Structure formats: structure tokens, C-alpha cells
Amino acid sequence: MHPRRAHVAGDALNPRLLRARGAVLASLRSTLAAEGFLEVQPPVLVQSPALEANIEALPCADGFLHTSPEFALKRVLAAGLPRVYATTPVFRNEESGRHHAREFTMLELYLHNANYLDLIPLVEGLIVSAASAISVATPVFSRTTVAALFGGDVPGDDDDFFRRWVTEIDPTLTAPTWVLDFPARHAALSELRGNVSERLELYVGGLELANGYSELRDGAELRRRFAESARARRAAGRSPHPTDEGVIAASDQFPRTAGIAIGIDRLVMALTGTPDIAEVRIGS
Amino acid sequence: MSYQTSDFRNGLKVETEGSPYTIVYFQFVKPGKGTAFTRTKLKNLLTGAVIDRTYRSGEILEEADVEEQPMQFLYEQQGIYTFMNTETYDQVEIQGTVLADDAKFLIESLEVNVLFYKGRAVNVTLPNFIESKVAWTEPAVKGNTSNNITKNAKLECGAEIQVPIFVKEGELLKVDTRDGGSYVSRL
């Protein structure tokens, strides 16, 4: 268990960063509205918090606080609203540090008739507009793949993969970089293409800012992944998360879609050059 | 006593790879889909060397068997330096090799911190500043109060340092020990 980050009495809020955060959010919403996206409000208290082997949801009442709005938003897609987004607090237990907060803010959006590559220009446009809204230099983005980062030899073992990721790879991803095509076993709810998943992450300053993919549209395959994730969690001594029947049913119904979640706190950190997530949030 | 990654704090003393280390930096890192790690920088308490190590969440490090004791310098005899614990009055003999160049600042009753590793004295931390009289220096040059022109001086503790040209034999000086010995002021 990670203890809560110590709250220091008199921890000063930073008006400059709160203003920047508000301006970034306003800019994101205005760009998305102009692109025809509808903002919806997902529930925060849910029965099934995630399909994740390595994320701990925070139990609350008879359920959990959501770790992302993904399941609810896919039900919205299936209901015939294919171009939607949500801006919401999400919760991940046991994560705290200068780059992690137990509660943080996520913007998750879905783009229909699209695959993961179509997310890149959309998100770059959102970030460029947000940078302009707070008068910081326009970021320049590049692209690479997981295979290229590992020099063509992607570790097959997860412990080896993630240890090398955090020690050798993510510290080098300082300039804004899209990393494409993760191993199939890290697919989450994305479509597979051969032995890779159509999934991408955006890195800035060595930090993951966004995670997106071509959305899996196969309820049976999704049910299999829930079972696999539950097995992995049991094997790691963690209790499995309940299977979400709503998202399984929705996955057979929504059109071809790509979706991406952007960490708002880290985006504000990256745009303002702030090293500690606590400085861009109002601490509890 | 052992520590999990979630116990890591700056200044924590841990044992790894056969040496005692102190944590001088730690950072929780977790790829979105991956497992959590803690990146650290560890300073070797024997050599001062700093190494980078990354631990997976849940990995355990043993507490280093180290203890720092406040001690007073008593005397030196044939390269063996005797110190006394100022709380328990226990005495300990420390080889000159442990003190290395710091030995030249030792004057009777100087208070230092002695680091013990597995019961053995392995390091002596001097105070940042000591006071010592000038035992020998060239005659002072009258009227020159500039700190920029310096000359050699030998102090009673044994250290040789550079002092401003106006400093006279017998004067008491304040000396910074952290950079091998530098003049701070006359007292």
C-alpha cells in the first residue's frame, strides 16, 4: 500500500497554474465542440472499474470509483452517439508520486469511422490549440514504434519489458513522441493486427500523456480478455475486477471507432513545465 | 528491519550488493498498462559513489546496519586516532586510513560524527567549520586588506591552507573543512 501523499498545512495553491489549467480545459472543450464532439457525463461510482491487470481501483460503497470512463462511453457509442467525450476525475489506488496522483483528471474521447492513426492529428490539434491558449511554444510531434524503441527485440517477458521501459526507454521520450503498436498482450480493449495491438501512447518529458487505440468491436473476444485479466490478477494476488456485461454488449454494436484518454494534469504539467503533479491540482 | 518500495524516503539507510547505501532520490514510476517501479539514486556510505537502481513495487531492501555516533577527538598515536562517545564515554580507535585527508583538521576535543557499519567505524564526518590558530605564516603585509592575494599558512591542527596576506601568526581562524580547507575569517 502506498501511504497518502502528505498534505502540508498551508500548501500554497499556484494561481498561475490554476489559470493555465482552466484555460487548457476551456481550449480543449472549445476545439472539441468545433469538431462536433458532444460532452457526456459518465458515472464515477461503478460496478466494474476496469479491464486492467496492473491498475488498482478504489473500492467505494458497493462498487468502485472508475479508473477511466471507457465502459460507460462505449455504451454511449452503442446508443448511437458516436462522437463523444468526457472530462472526469478518475481514481487509481496505490499510485502516488511527483507524476502520479490517486485522483486525477482524464479527458477521454471517441472518434467514429476512424482507427488509432486518425487520433494523432486530432490530438495534436487539441494540444497545439491549448498551447496557443496559454501562449506557450507550439509543440512538434514525432512518431515511433515499440519495436523500434527496443531495437527490434521486444522483450517477451512482462517484468523485463516494463523494467527496461521505465529505466531505458521512457526517460528518452522527452520531446513529444507518439509510440505505436504495443505487444498484443498489452492490448487492453484494442484491435489486434498480427502480433501487435493498434494502440498508441503519447509521451512528453518522459511522461505518458495519452493512451489510445482502435477499439475492439467483438463482445466474445472482450469476454475472453476479461477472463484473462481476472486470471492475471489472481496470479498476482489481486482480486479480479467484475466482468462488465454492458461494455461487452456495446462492443458488438458501435461503429468502427478510435478512442483516446488524455491525462489533463500531465498535459498542464507538460505545457507549463511543471515537474510535480501536486502543483497543477487542488490537493485534497 | 526491512523496507518495501513504498517505505522509501530520502535519507533511508539500506543494504544492497554488500554495502550500506542512503537513498538520495526516489521516484514512483508506472507505465499505464504496466507494473509499478520505484527509481532510486543510492549513495554508498563507504565510498560516496552514487548508483541508479530501479525496484519493482513490493521488492524489499534490508535496513543497513549503520549507526552514527557523536564523538570527540582525544589523541593520535602512531596513525591510530582515538575518539570518545560524548554520551556514553566509550572510546574507539580509528585507523588513519579511514580519516584520510581529514586527519589534518583534528584538534583535541573536536566534535565529529562517526559512522559505524556492522559495528566497525567506517567514516568520520567533520563539522563544516573548525577554529584553529596560525602556527606559521610569512609576516603580514600592512595595509593590504584584500582577500584576493593569499599566502601559505600552517595551522596548529596540522592543516596547511591559503590565507589572505594580512593574517598574522597566532591569530585564530575559522576554516571551512568541506573543500579540503579554506579560510573563512579571523576570529
Item checked: In segment B:83-113, the residues that are under 25 Å from B:THR22 (Cα atoms), hydrophobic (A, V, I, L, M, F, W, C), surrounded by 12 or more Cβ atoms within 10 Å (Cβ to Cβ) and out of contact with any Pro (no Cβ under 8 Å at 6 or more places or on another chain) -> B:PHE83, B:VAL92, B:ILE94, B:VAL98, B:LEU99, B:ALA103
Check: Hey, among the residues in segment A:171-185 that are touching a residue at least 24 places away in the same chain (Cβ under 8 Å) and under 28 Å from A:PHE226 (Cα atoms), which one's surrounded by the most Cβ atoms within 10 Å (Cβ to Cβ)?
Finding: A:PHE182
Check: Of the residues in segment B:1-26, how many are at the interface with chain A (Cβ under 9 Å from one of its Cβ atoms) and in a loop (DSSP other than H, G, I, E, B)?
Finding: 0
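Output the residues belonging to segment A:190-249 that are among the basic types (Lys, Arg), open to solvent by less than 60 Å² (accessible area, probe 1.4 Å) and assigned to a strand (DSSP E or B). Give the derivation first.
To start, the set of residues in segment A:190-249 that are among the basic types (Lys, Arg) comprises A:193, A:199, A:217, A:223-225, A:231, A:233-234, A:238.
With open to solvent by less than 60 Å² (accessible area, probe 1.4 Å) added as a condition, the list becomes A:199, A:225, A:233.
Result: A:ARG199, single match.
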Notebook entry, point to check: Hey, among A:VAL140, A:VAL166, A:VAL146, which residue is open to solvent by 50 Å² or more (accessible area, probe 1.4 Å) and either within 11 Å of another protein chain (Cβ to nearest Cβ) or among the β-branched types (Val, Ile, Thr) (or both)?
Noted result: A:VAL140
Note to self: Suppose we keep only residues that are surrounded by 10 or more Cβ atoms within 10 Å (Cβ to Cβ) and at pLDDT below 95 within segment A:8-37. Which one would you say is nearest to the other protein chains (Cβ to nearest Cβ)?
What the structure shows: A:ASP11
Margin query: Which residue is surrounded by the fewest Cβ atoms within 10 Å (Cβ to Cβ), if the candidates are limited to segment A:38-76 and must be of a type outside the set (A, V, I, L, M) and within 14 Å of chain B (Cβ to nearest Cβ)?
Written below: A:GLU52
Next item on the list: Only residues that are under 19 Å from A:VAL24 (Cα atoms) and open to solvent by less than 30 Å² (accessible area, probe 1.4 Å): list them for segment A:102-118, please.
Entry: A:THR105, A:MET106, A:LEU107, A:GLU108, A:LEU109
Check: Does A:GLU94 satisfy the criteria of being among the acidic types (Asp, Glu) and in contact with a His (Cβ under 7 Å, 6 or more places away or on another chain)?
Finding: yes
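Only one of B:ILE23, B:ILE51, B:ILE60 is open to solvent by 30 Å² or more (accessible area, probe 1.4 Å), within 27 Å of B:ALA121 (Cβ to Cβ) and either touching a Lys or Arg at 6+ places or on another chain (Cβ under 9 Å) or touching a residue at least 24 places away in the same chain (Cβ under 8 Å) (or both); which?
Answer to the check: B:ILE51.
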Next item on the list: For A:PHE182, state whether it is facing chain B (nearest Cβ under 10 Å), in contact with a Lys or Arg (Cβ under 9 Å, 6 or more places away or on another chain) and not in a helix (DSSP H, G or I).
Entry: yes
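The values are calculated or read from the model by the stated rules, or taken from the named source; none is laboratory data. Everything quoted here is computed from the prediction, not taken from an experiment. Heads up, the Cβs are rebuilt from the backbone with ideal geometry, glycines too, and the neighbour counts pull from every protein chain shown. Quick note on the areas: whole protein, heavy atoms, side chains included, nothing else; ligands and nucleic acids left out. Shrake-Rupley method; radii C 1.70, N 1.55, O 1.52, S 1.80 Å.
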